[in-house]
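Before any comments, here is the structure.
The values are calculated or read from the model by the stated rules, or taken from the named source; none is laboratory data. Because the structure is predicted, anything quoted here is derived from the model rather than measured. We place every Cβ from the backbone using ideal geometry, glycine too, and count neighbours over all the protein chains shown.
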Amino acid sequence: MKAILFTLTFYFLLFNCSFAQSGRWQQRVSYTMNIDVDTLANRFSGKQRLEYTNNSPESLDKVFYHLYWNAFQPNSSMDVRSRELGKKLVNGRQDWDGRVRDRILNLKENEIGYQKIISLKMNGVPQSFEYHETILEVHLTKPILPNSKTVFEMEFEAQVPLQVRRSGRDNPQTGVRYSMSQWYPKICEYDYEGWHPTPYVAREFYGVWGDFDVTIKIDKSYKLAGTGVLLNASDIGWGYDKQGTELKSTISSKRLWHFKGENIHDFVWAADPDYKHIVRKIPNGPTIHVIYNEIKGNLQNDTSWNKVADAAVKVLPFMENNFGKYPYPQYSFIQGGDGGMEYPMATLISGPSLGTVFHEWMHSWYQMMLGTNESMYAWMDEGFTTYAEDLVSKFYNNRSSIQEYKEALKSNPGNDNLKMLIASLPEDHAGSYASYYSLVKSGLEEPMCTHADHYNTNFAYSIDAYSKGEIFLEQLGYIIGAPFRDKVLLEYYKAWRFKHPNPSDFFRIAEKVSGIQLDWYKEYWIHSVKTIDYSIDSLWEEEGVSKIRIRRIGQMPMPVDVQLSFKDGTSEMHLIPLNLMFAAKQKENQLPTTVEDEWKWTHPTYTFSINRTLKELTKVEIDPSKRMADVEQKNNLLELNW
């Protein structure tokens with residue numbers, strides 16, 4: 001117990017030092033929660049003490065809470081939105097979330113979810129409140145003054161919904177009894193833009209950093225996993241005290257599980273009588289917990305989940321070297337949920353897919369530590385996480401993402417469309433480029449700045465948030481140079497962890513690191529659906545000097561890399577910076593490189609010269625790396641057979 005408390009205190013001091021360095025104020029919370037679970041009725045009662053620190057310069061005359069589980073009731077916003085999107089056909093398929101579909105509409109009274117507030121006091125004084133489905137609005141008897149603390153005390157009760165989306169009970173896919181995410185009344189974020197009482201319709205989350213002290217009383221046969229460190233591990237056993245121990249016996253009908261997490265903005269837990277527990281301790285790093293549902297007689301199940309634990313140990317050094325230090329004392333991969341869903345110090349995953357494992361853990365960087373407003377900037381979380389997942393997978397598997405497409409071509413060598421697709425994709429992040437190109441062709445693309453819940457289709461949201469967001473970083477490497485992009489990610493982590501950055505904060509880091517102006521990139525790539533398309537227009541020769549003209553066909557201007565190859569077997573690179581950059585990237589490879597004069601974005605064509613005859617030239621290629629997301633690449637390559 002003393003060792004655990006010392007560790008927690010150390011991390012608390014570390015976090016507070018980081019927090020104090022922020023140039024932007026933010027609120028602070030400290031939750032103490034005690035819940036008592038009735039596993040027969042699938043309900044629980046809860047008591048919550050919330051110490052809320054108003055670090056803003058403004059007085060608050062109201063507060064808001066999230067009541068997420070109220071979404072799991074027939075005719076809720078989540079239900080109707082899913083069914084309405086299901087009426088749309090995209091590529092011949094209904095556009096609803098396949099996990100939700102119309103399932104909420106058909107929930108019975110004992111299968112719905114709800115969170116009901118029994119009482120709410122501020123500093124001992126009862127407060128009035130009203131429900132707005134998944135949002136609770138509290139009208140305060142006295143305002144919370146700037147730079148002051150207040151204490152809310154709440155009693156609440158909840159019914160665990162049948163598993164539909166993220167949280168729930170009796171998951172038919174995994175057999176897990178309880179996936180307890182979004183399970184408690186959670187105060188909404190108030191920041192420099194004001195309150196964010198975002199209704200729970202489908203998408204992502206935004207929360208206040210703080211500390212969580214959670215005690216769960218549940219039937220003694222259940223085994224638990226969750227966010228934070230288990231403080232009463234000596235009472236529980238089951239590998240939490242020492243590796244390989246059994247669950248300790250108790251004469252009580254219920255057992256207490258006491259978790260604590262510090263400097264986090266949410267808390268998740270899961271419970272099942274048949275859970276199994278794997279533990280790995282990373283030297284000078286966190287303890288890895290893998291908790292999964294036992295399928296009797298399935299040895300492959302044990303093997304697959306052990307592979308998850310071993311993979312986590314292997315990839316963490318790579319993740320920390322490229323994206324920053326993981327600062328928490330533990331991380332848990334918990335079987336549950338409906339696919340993969342990230343939370344602080346833990347994730348719910350339905351199965352042992354390593355791609356999902358890497359993706360959800362990388363969310364610890366791009367949401368659990370950086371904590372952007374995902375409703376507004378989903379691409380800064382999902383896109384950055386998907387980018388990192390691709391590189392972690394490449395490190396682990398020792399192969400780039402384009403290999404999957406090449407292997408598919410081996411089994412179907414006559415597929416000309418697949419050949420053309422492969423020719424248009426970069427070595428890394430190939431899947432996201434392919435998805436983005438399909439979105440452009442569909443005509444359904446929307447700007448990445450669209451609120452996550454307000455996209456016209458799930459199809460467009462998914463590709464924007466995950467794929468186009470991933471391309472944003474790879475293409476940034478094309479613009480400023482990959483080494484500078486890599487440095488940007490580390491500096492972004494150092495400057496903005498635990499501080500809720502927005503897009504402008506990221507761009508300022510990128511501009512400072514690279515020395516290149518990037519406001520135009522934000523405007524075109526994030527705030528518009530204008531596409532990139534460059535072509536080789538024409539070549540001619542004047543007095544032994546060859547002229548090469550490039551044409552911009554698409555509406556989005558970009559710097560252009562042009563590689564020239566010659567009959568003597570040599571090649572050279574010509575970098576054409578965009579005038580809006582006010583600089584140019586440095587050379588990225590060993591080829592002789594010339595930085596040409598800037599291309600004014602207003603001009604549809606650009607011509608540069610080389611002091612060699614046209615007959616010596618064998619190939620002209622725009623962006624051979626394929627990192628620039630050019631939507632029509634047939635006109636990017638000219639091969640000359642003199």
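Tabulated data
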| item | result |
| --- | --- |
| Candidate set: segment 1-46, residues that are modelled with pLDDT of 50 or more and of a type in the set (A, V, I, L, M); chosen: the one surrounded by the fewest Cβ atoms within 10 Å (Cβ to Cβ) | Leu40 |
| Number of the condition not met by Thr457 [criteria: (1) buried (at least 20 other Cβ atoms within 10 Å of the Cβ); (2) in contact (Cβ under 8 Å) with a residue 60 or more places away in the chain; (3) of a type outside the set (A, V, I, L, M, F, W, C)] | (1) |
| Total residues in segment 502-517, condition surrounded by 22 or more Cβ atoms within 10 Å (Cβ to Cβ) and touching a residue at least 40 places away in the same chain (Cβ under 8 Å) | 3 |
| Whichever residue in segment 221-266 is among the hydroxyl-bearing types (Ser, Thr, Tyr) and crowded, with 21+ Cβ neighbours inside 10 Å and, among such residues, is nearest to the chain's Cα centre (by Cα) | Thr227 |
| Subset of segment 57-101 that is touching a Phe, Trp or Tyr at 6+ places or on another chain (Cβ under 8 Å) and among the polar types (S, T, N, Q) - its residue that is farthest from Met180 (Cα to Cα) | Asn91 |
| Residue match in segment 294-307 (condition: in a strand (DSSP E or B) and more than 30 Å from Lys487 (Cβ to Cβ)) | no |
| Count of segment 359-418 residues which are of a type in the set (Ser, Thr, Tyr), in contact (Cβ under 8 Å) with a residue 40 or more places away in the chain and either in contact with a Pro (Cβ under 8 Å, 6 or more places away or on another chain) or farther than 26 Å from Pro501 by Cβ (or both) | 3 |
| Any hit, segment 147-160, residues being over 29 Å from Tyr52 (Cα atoms), small (Gly, Ala, Ser) and surrounded by fewer than 20 Cβ atoms within 10 Å (Cβ to Cβ) | no |
| Matching entry among Arg255, Arg203 (being closer than 28 Å to Tyr366 by Cα and basic (Lys, Arg)) | Arg203 |
| Residue list for segment 57-93, filter: in a loop (DSSP other than H, G, I, E, B), surrounded by 13 or more Cβ atoms within 10 Å (Cβ to Cβ) and without any contact (Cβ under 8 Å) to a residue 40 or more places away in the chain | Pro74, Gly86 |
| Residue within segment 592-604 that is in contact with a Ser or Thr (Cβ under 6 Å, 6 or more places away or on another chain), in a strand (DSSP E or B) and buried (at least 16 other Cβ atoms within 10 Å of the Cβ) present | no |
| Residue match in segment 549-571 (condition: more than 19 Å from Gln475 (Cβ to Cβ) and modelled with pLDDT under 95) | no |
| Neighbours by Cβ (under 6 Å, 6+ apart or cross-chain): first from segment 311-325, within 12 Å of Tyr492 (Cα to Cα); second modelled with pLDDT of 95 or more and of a type in the set (Ser, Thr, Tyr) | Gly324/Tyr493 |
| Test: Gly175 is of a type in the set (Gly, Ala, Ser), in contact with a Ser or Thr (Cβ under 9 Å, 6 or more places away or on another chain) and touching a residue at least 24 places away in the same chain (Cβ under 8 Å) | no |
| Positions within segment 36-52 being part of a strand (DSSP E or B) and β-branched (Val, Ile, Thr), in sequence order | Val37 |
| Selection status of Ala434, more than 18 Å from the chain's Cα centre (by Cα), modelled with pLDDT under 95, small (Gly, Ala, Ser) and outside the structural domain of Ser625 (by TED's automatic domain parsing) | no |
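Results for (1) of a type in the set (Val, Ile, Thr); (2) surrounded by fewer than 23 Cβ atoms within 10 Å (Cβ to Cβ); (3) closer than 29 Å to Tyr366 by Cα, shown as yes or no for each residue.
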{"residue": "Tyr114", "(1), (2), (3)": "no, yes, no"}
{"residue": "Lys121", "(1), (2), (3)": "no, yes, no"}
{"residue": "His139", "(1), (2), (3)": "no, yes, no"}
{"residue": "Pro143", "(1), (2), (3)": "no, yes, no"}
{"residue": "Ser181", "(1), (2), (3)": "no, no, yes"}
{"residue": "Trp195", "(1), (2), (3)": "no, yes, yes"}
{"residue": "Pro199", "(1), (2), (3)": "no, yes, yes"}
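Here is a yes/no grid of residues against (1) within 30 Å of Arg93 (Cβ to Cβ); (2) surrounded by 21 or more Cβ atoms within 10 Å (Cβ to Cβ); (3) touching an Asp or Glu at 6+ places or on another chain (Cβ under 7 Å):
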{"position": "Ser462", "(1), (2), (3)": "yes, no, no"}
{"position": "Ala482", "(1), (2), (3)": "no, no, yes"}
{"position": "Tyr492", "(1), (2), (3)": "no, yes, no"}
{"position": "Ala495", "(1), (2), (3)": "no, no, no"}
{"position": "Asp519", "(1), (2), (3)": "no, no, no"}
{"position": "Val529", "(1), (2), (3)": "yes, no, yes"}
{"position": "Ile532", "(1), (2), (3)": "yes, yes, yes"}
{"position": "Val545", "(1), (2), (3)": "no, no, no"}
{"position": "Arg549", "(1), (2), (3)": "no, no, yes"}
